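Report on the structure given below.
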Amino acid sequence: MPIDTFIAQKVKGWQADLLRRLIALFQSVAPEMSTVIKWGQPTFELNGPFAYVKPAKAHVTVGFW
């Protein structure tokens, strides 16, 4: 599933805005990265996964490998 579809279907309001801003930030520092949906969440990869975002009801978790 493309990341834009994931956001449109699964994330609303401020969390969707935050995910879009994080994606833009990650792309600005690693333009060659890929974004995939793994383990039910957006995962960012460059020679393997390096970060993920996990939206929840009242927060967004951002994790790094």
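For the stretch 40-65, a residue qualifies if it is surrounded by fewer than 14 Cβ atoms within 10 Å (Cβ to Cβ) and part of a strand (DSSP E or B), and the qualifying residues are 61, 62, 63, 64. A count restricted to the stretch 18-65 and to residues that are modelled with pLDDT under 95 and acidic (Asp, Glu) stands at 0. The residues of the stretch 8-39 that are more than 13 Å from residue 50 (Cα to Cα), open to solvent by 60 Å² or more (accessible area, probe 1.4 Å) and not in a helix (DSSP H, G or I), listed by number, are 12, 31, 39.
The values are calculated or read from the model by the stated rules, or taken from the named source; none is laboratory data. A quick note: this is a predicted structure, and the numbers were derived from the prediction, not measured. Because the Cβ atoms are built from the backbone with ideal geometry, glycine has one as well, and the counts that use them run over all protein chains shown. Areas reflect the complete protein model, heavy atoms only, side chains present, ligands, DNA and RNA absent. Shrake-Rupley method; radii C 1.70, N 1.55, O 1.52, S 1.80 Å.
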